[in-house]
Amino acid sequence: MDKFLRAGVVAGVVLALAACGPRPVGDFGRARPSFTHDTAMPAVGGALARARREPVSSFNQTDQEREMHDRVWRFLVSPHTQDWFYDVAVELQRTRVTPALDHKYAPDRYYNWLRSTDYRSSRTRYATVGRDIAADLDTIPATFLAICAVIEVDRQRAVAQQGLQLGGEATADVAARRAENDMRIAWFVRALNYRYTSYNYALDHLLVETPHEQSMAVDEALRQLHLFVGRANRHDFCSGAQGGLTAGHAVVPSRYATQRIDTEIVLPK
């Protein structure tokens, strides 16, 4: 096939797949099985990744890798917030149809969604931010454990490969799978930082737009989330420390620590 015709076919397939939208979800926001998103797009994405000279492994996924992918995916999307997380772009990146796109995400999208949502009370926006942070805090520990398990699988693969000295394709697959797992872990770290930055941005702007005493509870939740963000940035997934509060790491100061708090209740107009 002529290379220009091949490029046109691939482009047409990519556009058709992209038009399918984000990955479908079922109960509790969990990914729902889909031929397009679970088979077709990954197949096209694998071919495109190879064309970009990115590592692509032919290994089957271990149970640990599958669990890590499932748990990390929850931090890459936010289907309830009208594409705050660029859910279509996330799906193209997840299936490797495109290279990494999340480096360019803007932190104001979450706040803009909050502003555009017609809540009956302005206090409800603080409650929404608090619930979203709480959901992250509830699922981060298990996600860290899943990542830790994959790190151990990669270590065991390397030891087995060195001992058996299979060479050739097996050696390439071991290196490629390690690179793929590292990329997925790095994506999770960036996503967690993006969530924290977006919540922080939203709280700062809500304090100016609709000040309420509920902001203090959200600020405290953000301080707890920041501890996990610090652990993720250090790739400290296996220590088991609750929130990463260990010796030598100071508690993040509250934004209220050096300012007088006005707790006057401002009634909505």
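The values are calculated or read from the model by the stated rules, or taken from the named source; none is laboratory data. No experiment lies behind these values; they were computed from the predicted model shown. All Cβ positions, glycine included, derive from the backbone under ideal geometry; neighbour counts span all protein chains shown. What goes into the accessible areas is simple: the full protein's heavy atoms, side chains included, and nothing from ligands, DNA or RNA. Shrake-Rupley method; radii C 1.70, N 1.55, O 1.52, S 1.80 Å.
Looking at Ser116, is it of a type in the set (Gly, Ala, Ser) and either at pLDDT 95 or above or open to solvent by 50 Å² or more (accessible area, probe 1.4 Å) (or both)? Against the criterion (of a type in the set (Gly, Ala, Ser) and either at pLDDT 95 or above or open to solvent by 50 Å² or more (accessible area, probe 1.4 Å) (or both)), Ser116 qualifies. Filtered by the rule that a residue be hydroxyl-bearing (Ser, Thr, Tyr) and open to solvent by 50 Å² or more (accessible area, probe 1.4 Å), the stretch 100-113 gives no residues. Given the criteria without any contact (Cβ under 8 Å) to a residue 60 or more places away in the chain and either crowded, with 20+ Cβ neighbours inside 10 Å or more than 14 Å from the chain's Cα centre (by Cα) (or both), does Arg178 qualify? Judged against the criteria, Arg178 is a match. Sub-8 Å Cβ pairs linking a first residue in the stretch 186-203 that is touching a residue at least 12 places away in the same chain (Cβ under 8 Å) to a second residue that is open to solvent by 10 Å² or more (accessible area, probe 1.4 Å) and polar (S, T, N, Q), at least 6 apart or interchain, are Trp187/Gln93; Val189/Asn233; Asn193/Asn233, ordered by first then second residue.
Residues of the stretch 120-170 that are more than 30 Å from Leu203 (Cβ to Cβ), assigned to a helix (DSSP H, G or I) and of a type outside the set (A, V, I, L, M, F, W, C): Glu152, Asp154, Arg155, Gln156, Arg157, Gln161, Gln162, Gly163, Gly168, Glu169. Does Ser254 satisfy being surrounded by fewer than 14 Cβ atoms within 10 Å (Cβ to Cβ) and modelled with pLDDT of 60 or more? Yes. Taking (1) assigned to a loop (DSSP other than H, G, I, E, B); (2) modelled with pLDDT of 60 or more; (3) not acidic (Asp, Glu) in turn, Met1 satisfies each apart from (2). The residues of the stretch 199-226 that are under 8 Å from Tyr126 (Cβ atoms) and open to solvent by 70 Å² or more (accessible area, probe 1.4 Å) amount to a single one, Ala217.
Taken over the stretch 44-74, the criterion of being open to solvent by 20 Å² or more (accessible area, probe 1.4 Å) and in contact with a Ser or Thr (Cβ under 9 Å, 6 or more places away or on another chain) is satisfied by Val44, Leu48, Arg71, Arg74. Checked against the criterion of being closer than 27 Å to Val72 by Cβ, charged (D, E, K, R) and either in contact with a Lys or Arg (Cβ under 8 Å, 6 or more places away or on another chain) or at pLDDT 95 or above (or both), the stretch 198-218 has no qualifying residue.
Of the residues Val90, Val77, Val97, the single one that is closer than 23 Å to Gln224 by Cβ and open to solvent by less than 20 Å² (accessible area, probe 1.4 Å) is Val77.
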